[in-house]
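Student: Structure below; questions to follow.
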Amino acid sequence: MAVQRLEDVRRDLVKANRILSHEGILDAFGHVSARHPERTDRFLLSWARAPELIEEADLMEFALDGTALDDPRPAYLERFIHGAIYAERPDVMAVCHNHTLSILPFSISKSVRLRPVIHTAAVLGGEVPVWNIADEFGDHTNLLVVNMEQGRSLARTLGSGRIALMRGHGSVVVGADLPQVVSACVNMDKNARVQLQALQLGEFIPLSAGEIDRPQVPPGAAPMPDRAWEYWSRRAG
Ligand code: MN
């Protein structure tokens, strides 16, 4: 994939914040970031502002250890989530951390995992792993990721996947660009709602391994995130 221009990434990052707010994935909290396209050891993330209000002037640059570069504005407490994932995953160019309500039951269930049940959610890739902060950091944390050590632990649970849930807290969603991340967030939310409803009916049929691995778009057709990205952008104004 061609390297994107910084100005395009900055514009898309503002759009992604608006879209994810408008689609109910982010509210006053949660955040979405993009890796710097020219300096891969940096990422772009707003200062600690509600996503729906973010404009280009709000974007800050961070080193992968979560240190702000020459910018005194207050940063999100949980910026280490982004830095640690960019450090562990060279393929990842965008990250969203959200607290979407629909996925939270799956982050605390001892018996049921979130897994793809609708065709648009193959991106979930099978049973979605759950990171339990207490496993490594004990039962006296506030469940937030507030340092690199915790960020790296979360990144290990994510592994090579696109999504990991965080017990009693939320999720991380990653991708090769911002439209991929936005699309995965929206489809994760839809899938979680459908799976939760299906559980009330009893047994359900998840996507098979073959259905998960199958390319979502036939060769030659326009990639799905493009069509959806235009639609979401319009809806979000
Ligand atoms: Mn959080």
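Student: Placing unit charges on C-beta atoms (Lys and Arg positive, Asp and Glu negative, everything else neutral), compute the dipole magnitude of the chain about its Cα centre in debye, rounded to 20.
Tutor: The calculation lands at about 500 debye.
Student: Follow-up question, since we're still on this one. Pick out, from 29, 45, 104, the residue whose Cα sits farthest towards the positive end of the charge dipole of region 1-149, with +1 on the Cβ of Lys and Arg and -1 on the Cβ of Asp and Glu.
Tutor: Most positive-ward Cα: 104.
Student: List, in order, the whole-Hz ³J(HN,Hα) value for each residue of region 119-135 obtained from phi through the Karplus relation with A = 6.51, B = -1.76, C = 1.60 and θ = phi - 60°; use x for Gly and Pro.
Tutor: Karplus-based 3J(HN,Hα) across region 119-135 equals 5, 7, 10, 4, 4, 5, x, x, 4, 7, x, 10, 8, 9, 4, 5, 4 Hz.
Student: Still on this structure, I have one more. Build a GNM of the chain with springs between Cα atoms under 10 Å: which of 97, 31, 140 gets the top mean-square fluctuation?
Tutor: It is 140.
Student: Right, something else. Leaving out ligands and nucleic acids, note down the accessible area per residue over region 25-173 with a 1.4 angstrom probe, in whole Å².
Tutor: 44 Å²
Student: Can you compute the label reach from residue 120? Point 7 Å from Cα along the Cβ direction, backbone N cut-off under 11 Å, restricted to region 183-206.
Tutor: Only 183-191 fall inside the zone, counting backbone N under 11 Å.
Student: Which number do you get for Rg(Cα) / (2.2 N^0.38 Å) in the chain?
Tutor: Its radius of gyration relative to the 2.2 N^0.38 Å reference: 0.98.
Student: When the chain is treated as a GNM, springs tying every alpha-carbon pair under 10 Å, which of 199, 154, 144 comes out with the largest mean-square fluctuation?
Tutor: 199
The values are calculated or read from the model by the stated rules, or taken from the named source; none is laboratory data. Everything numeric in this text was worked out from a predicted model, so none of it was measured. Virtual Cβ from ideal backbone geometry, glycine too; neighbours counted across all protein chains shown. Side chains are part of the model used for accessible areas, which takes the heavy atoms of the whole protein and leaves out ligands, DNA and RNA. Shrake-Rupley method; radii C 1.70, N 1.55, O 1.52, S 1.80 Å.
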